[in-house]
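Student: The following block contains the structure, expressed as structure tokens.
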Amino acid sequence: MTIAKQKVLIVDDTPENISLISNALSDRKRIAATNGSKAIELALQHKPDLILLDIIMPEMDGFEVCRILKSNQETKDIPVIFITAETETESIVKGFEVGGIDYVTKPINVRELQARVKTQLALKTSMDDNIRYIAEIDKRNKQITDSINYAHLIQKASLPSKDYLKDILPKHFVYYGPRDIVSGDFYWAKKVEDKTIVIAADCTGHGVPGAFLSMYGIAFLNEIVLKDKITEPDQILNRMRETVIQSLNQGEMTNMQDGMDMVVLTINSNFSSVDYAGANNPLWILRGEEMLITRGDTMPIGKHVFMNDFTKHTVPLIKGDQLYIFSDGYADQFGGPRNRKLMKKNFRAKLIEFSEFELAEQKKKLLEFFCEWQDGNEQIDDTLIISIKI
């Protein structure tokens, strides 16, 4: 809408004043009313960009007209300049209180009127532009959010189902807390012949970029484990690294450093031992009140300064052991009385503290503590904890 097309409603019970004001604003579209009722009718019908409103009129004064306009959703945002012969402070203040934004005194100074109208119409143009921009942003944001919500459904469908996990891991819980709608953390589990393979992964980034990489990761694991029948955890990590580097074109001349941290567990058929390999992240086993820590290799799945083969660790298991694999999001969360990171030692202490409860209750208490620790802070990363009880 250009300024030349902006519309001004002039309201005055004196035709001479209407004529004077109309001539002064000859570069605008003008409509006029000689009483309050007609002014309200025209305002609703034409939606003017500005109203010049006389205060002293018979039947309904300008204050009442303004109150009615401001109480109506369709006219409440139309700016009102009062025209008045009254110069008392009380009258001027009352005009602002009922919703006026400016006033012009009688007898009317044409140049002053033109300047005030020009200023208010320019402000109205800016406000209308902002409303349109916000509406467009809201529209685009909804489209994007709808797309991400759909992507969330796809990502969720790519994860192991609760029924399948319960079938291959009778005693377990999965704590999965995306920072955004979609997550850069993911988990993967399959029963392959007499072995149960469980994987927890943390992709570079979170939100949409992390989710893209996580979907790649799930597809790669399906290819490596299910098609190529690779079940040894170190070999899975080695092949994953090769595939990620090749798929993301992480050659010598690229700065693409995206990748993932990952833990792979291959549990034997009678759950008497577990083969473990880790890209940056460890395996924790709670045995009684002692947390046994098996550390992985300090290199990610992706291009890195160190590119050695990953290491396989075979760890004997006994009945009652509780295994934990996880991403770093839970321990890295800021909060608490000093607004610091939780840190792994405190995370470990909470796992030990909650271990006396049933698995479902452990998961509930981890969530409750995380919210308590967060204490209003923004969640900084995706969170993932998988626990398996032997």
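Quick note: the coordinates plus some simple rules give every number you see, no bench work behind them. Nothing here was measured: the structure is a model prediction, and the numbers come from that model. Here Cβ is always computed from backbone atoms with ideal geometry, including for glycine, and neighbour counts include all displayed protein chains.
Student: Which log10 I(q)/I(0) values does segment 3-132 give at q = 0.18, 0.20 Å⁻¹ under the Debye formula, counting every alpha carbon as one identical point scatterer?
Tutor: Each listed q maps to, in turn, -0.94, -1.19.
Student: What's the extension gain from T119 to N377 if we count 0.36 nm per residue and subtract their Cα-Cα distance?
Tutor: So the chain would gain 88.6 nm between T119 and N377.
Student: Evaluate the relative contact order of the chain (contact order divided by residue number), counting alpha-carbon pairs under 8 angstrom at least 6 apart; express in whole percent.
Tutor: Reported as a whole number, the value is 12 percent.
Student: Is segment 159-389 best put as rounded, prolate or oblate by its Cα gyration tensor, with a ≥ b ≥ c the root eigenvalues, rounded for a/c under 1.5, and otherwise prolate when a/b is larger than b/c, oblate when not?
Tutor: Working: a/c = 1.65, a/b = 1.13, b/c = 1.46.
Because a/c hits 1.5 or more and a/b fails to exceed b/c, segment 159-389 counts as oblate.
Student: Hey, if you put +1 on the Cβ of every Lys and Arg and -1 on every Asp and Glu Cβ in the chain, which of I83, F63, V264 ends up farthest toward the positive end of that dipole?
Tutor: In the chain, that residue is V264.
Student: What angle do you read, to the nearest 10 degrees and between 0 and 90, between the alpha-carbon axis of helix 62-71 and the longest principal axis of the chain?
Tutor: 20
Student: Expressed as an acute angle from 0 to 90° and rounded to the nearest 10, what is the orientation of the C-alpha long axis of helix 15-24 relative to the principal long axis of the chain?
Tutor: 60
Student: Tally Lys and Arg at +1 and Asp and Glu at -1 over the other residues with C-beta under 12 Å from the C-beta of K70: what net charge comes out? If you can, show how the numbers build up before the last one.
Tutor: On the way: positive: R67, K76; negative: E64, E74, D77, E97.
So the surrounding residues net to -2.
Student: While we're on this one: What's the FRET efficiency of A219 with I168 using the Cβ-Cβ distance as r and R₀ = 22 Å, to the nearest 0.05?
Tutor: It comes to 0.60.
Student: Out of T34, F96, N23, whose Cα points farthest toward the positive end of the dipole of segment 3-132 (charges: +1 Lys, Arg; -1 Asp, Glu; placed on Cβ)?
Tutor: Going by the Cα projections, it comes out as N23.
Student: Going by alpha carbons, how many degrees (0 to 90, nearest 10) lie between the helix axis of 36-46 and the longest principal axis of the chain?
Tutor: Approximately 50 degrees, to the nearest ten.
Student: For the pair R287 and E59, how long in nm is the line joining their label points, each one 7 Å along Cα→Cβ?
Tutor: It works out to 9.4 nm between the two label points.
Student: Sequence-distant or interchain residues sharing an amide H contact under 5 Å with F82, placed H: which?
Tutor: L53, I101, D102, Y103, V104
Student: Looking at the chain only, what percent of DSSP beta bridges run antiparallel? Nearest 5 please.
Tutor: Antiparallel bridges: around 75 percent, rounded to the nearest 5.
Student: Among Q235, L323, P160, whose Cα sits farthest toward the positive end of the charge dipole of segment 159-389 (+1 at Cβ of Lys/Arg, -1 at Cβ of Asp/Glu, about the Cα centre)?
Tutor: Projecting each Cα onto the dipole axis, the largest value belongs to L323.
Student: Determine ³J(HN,Hα), in whole Hz, for all residues of segment 382-387 in sequence, where each value follows from phi through the Karplus function 6.51 cos²θ - 1.76 cosθ + 1.60 and θ = phi - 60°; x replaces Gly and Pro.
Tutor: Values per residue, Gly and Pro as x: 5, 10, 8, 9, 10, 10 Hz.
Student: Then there's this: Could you list, in their original order, any pairs among K171/K195; K142/K303; K195/K364; K156/K344; K5/K70; K76/K118 whose Cα atoms are separated by more than 25 Å?
Tutor: Flagged as over cut-off: K142/K303; K195/K364; K156/K344.
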